[in-house]
Amino acid sequence: MSGVKDAVILANGDIISLINTDSIIIVAMDQQGAVKWRKSVSEGTGLVIELIDDHLLVGGVSGSSFSAISVLFKLALDGSMIWQKTYEEGFIS
């Protein structure tokens, strides 16, 4: 369990924490630290950024250098999934 990997303070003051355990877990909190939502999106480790269109982009990778799988997610600020892409050994699925 490696703990908090990334944290972003959004333009609205909310805090998005990305926690890497065996899964990529995203936790959204208000300015007082109350949890607004929590979502597990994939296995592996990752990072999160806020996009200019008020969405979150989450990227992650799991596996070894010989069989790594990369994932990319676009989430709304309420945690709902907009889209997901998986990249396996150079292919997009």
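Some notes on this structure:
- Along its three principal directions, the equivalent ellipsoid of segment 9-59 from the Cα gyration tensor extends over semi-axes of 19, 14, 7 Å, largest first.
- Accessible area, probe 1.4 Å, largest first, for residues 83, 37: 83, 37
The values are calculated or read from the model by the stated rules, or taken from the named source; none is laboratory data. Just so it is clear, the model here is predicted, and its values are computed rather than measured. What goes into the accessible areas is simple: the full protein's heavy atoms, side chains included, and nothing from ligands, DNA or RNA. Shrake-Rupley method; radii C 1.70, N 1.55, O 1.52, S 1.80 Å.
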